[in-house]
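These notes are about the structure you will find just below.
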Amino acid sequence: MRPHDFFLGRGVVITGAASGIGEALARVLAARGARLLLADVDAERLHALARALRAQGADCHAQTTDVAQAEAVQALAHRAAQLWGAADIVVNNAGVALVSPVHSLDEADARWLMDINFWGVVHGCRAFAPQLAGRPGALLVNVSSVFAFVSMPTQSIYNAAKAAVRAFSDALREELRPAGVGVLCVHPGGVRTRIAEQARLGDISGLADNPAQLHAQFTQSAITSSDQAAQALARAIERGQTRLLIGIDARLGDWMFRLAPARASAWFSALARRRRAGQRRRLARSGR
């Protein structure tokens, strides 16, 4: 099999597919002959993407799905079984962001994030694992973050959710080993997506003067494009990896954690503060 034949004819499900890494991965895999079932809560963007990929000749279906709802993810798994008999690869990518200090955190916002970023992954794995069992090369891909091992202030719930995804994936990998189902846990660093624009915000005064400035800072600090992340993810799936770091910042955070687990978050946070200070000065000079 030639390298670019790996995805040919394989049934791939991607959640959070309407934008960011999910959208980029859908485009990469469509070009390589995968059969796609795309899911997202944003119906308009989701179906627009599916139409565009079909117009390019892709075998692509879409289903509006809220991954926070177990029954919605079960319905997605049922759709995959109807289309192909069973999925081959499932990418649990859907995610959201919340920026708020712990002392002023809105509990409803915290539960909203955990329901999507953690429970969405759990729902995806539980719904699809039975149909993946025994299929050659079957794989669950769970998207965590560099923040699974270096935690950032004002993102405590996001950090917790992504760390939970990592631990859950490690356990699930061993549970599914006898069934021949692999589990790949992905740890992106800063990737240029719409996640900051869609984040729920609490008190951001320690980070930026206003939401627009916060978004601009994120864009400047996100050094990896969605397409670069998608290409790296496709390669990791091909190679049968169980862990993937995306971006130099993810590799730096991983190195810091391995070197000094008790100090890594402080070091990583200090670097981020210095970077933000420089960005705020640049943005102030530009009048933004």
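The values are calculated or read from the model by the stated rules, or taken from the named source; none is laboratory data. The structure displayed is predicted, hence computed values, not measured ones. Don't worry about glycine lacking a Cβ; one is built from the backbone with ideal geometry, like all the others, and counts go over all protein chains shown.
Observations
- All of (1) free of Cβ contacts under 8 Å to residues at least 40 places away in the same chain; (2) over 19 Å from V141 (Cβ atoms); (3) within 18 Å of the chain's Cα centre (by Cα) hold for A26 with one exception: (2).
- The stretch 49-64, subset free of Cβ contacts under 8 Å to residues at least 12 places away in the same chain and in a helix (DSSP H, G or I), residue nearest to W84 (Cα to Cα): R54
Okay, residues lined up against (1) surrounded by fewer than 23 Cβ atoms within 10 Å (Cβ to Cβ); (2) more than 22 Å from G253 (Cβ to Cβ); (3) among the β-branched types (V, I, T):
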residue	(1), (2), (3)
Q131	yes, yes, no
M152	yes, no, no
N159	yes, no, no
V165	no, no, yes
E174	yes, yes, no
R177	yes, yes, no
A212	yes, yes, no
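- Boolean, A55 is surrounded by fewer than 19 Cβ atoms within 10 Å (Cβ to Cβ), among the hydrophobic types (A, V, I, L, M, F, W, C) and modelled with pLDDT of 95 or more: yes
- Qualifying residue in the stretch 11-21 (condition: touching a residue at least 40 places away in the same chain (Cβ under 8 Å), surrounded by 19 or more Cβ atoms within 10 Å (Cβ to Cβ), assigned to a helix (DSSP H, G or I) and under 17 Å from the mean Cα position of the chain (by Cα)): yes
- Count - residues of the stretch 17-35 that are of a type outside the set (D, E, K, R) and touching an Asp or Glu at 6+ places or on another chain (Cβ under 6 Å): 3
- Criterion violated by W255 - all others in (1) modelled with pLDDT under 95; (2) over 30 Å from R32 (Cα atoms) satisfied: (1)
- Contact annotation: residue pairs with Cβ atoms under 8 Å, 6 or more positions apart or on different chains, pairing a residue in the stretch 180-200 that is of a type in the set (K, R) with a partner that is part of a strand (DSSP E or B), are R192/T224; R192/S225; R200/L98; R200/V99.
- Here S205 fits the description: surrounded by fewer than 16 Cβ atoms within 10 Å (Cβ to Cβ), free of Cβ contacts under 8 Å to residues at least 60 places away in the same chain and within 21 Å of R274 (Cβ to Cβ).
- Residue check for A148: without any contact (Cβ under 8 Å) to a residue 40 or more places away in the chain and either farther than 20 Å from I204 by Cβ or of a type in the set (S, T, Y) (or both): yes
- Top-ranked residue of the stretch 65-86 - restricted to ones that are assigned to a loop (DSSP other than H, G, I, E, B) and among the polar types (S, T, N, Q), ranked as nearest to the chain's Cα centre (by Cα): T65
- Flag for A250 being more than 30 Å from C125 (Cβ to Cβ) and either at pLDDT 90 or above or not β-branched (V, I, T) (or both): no
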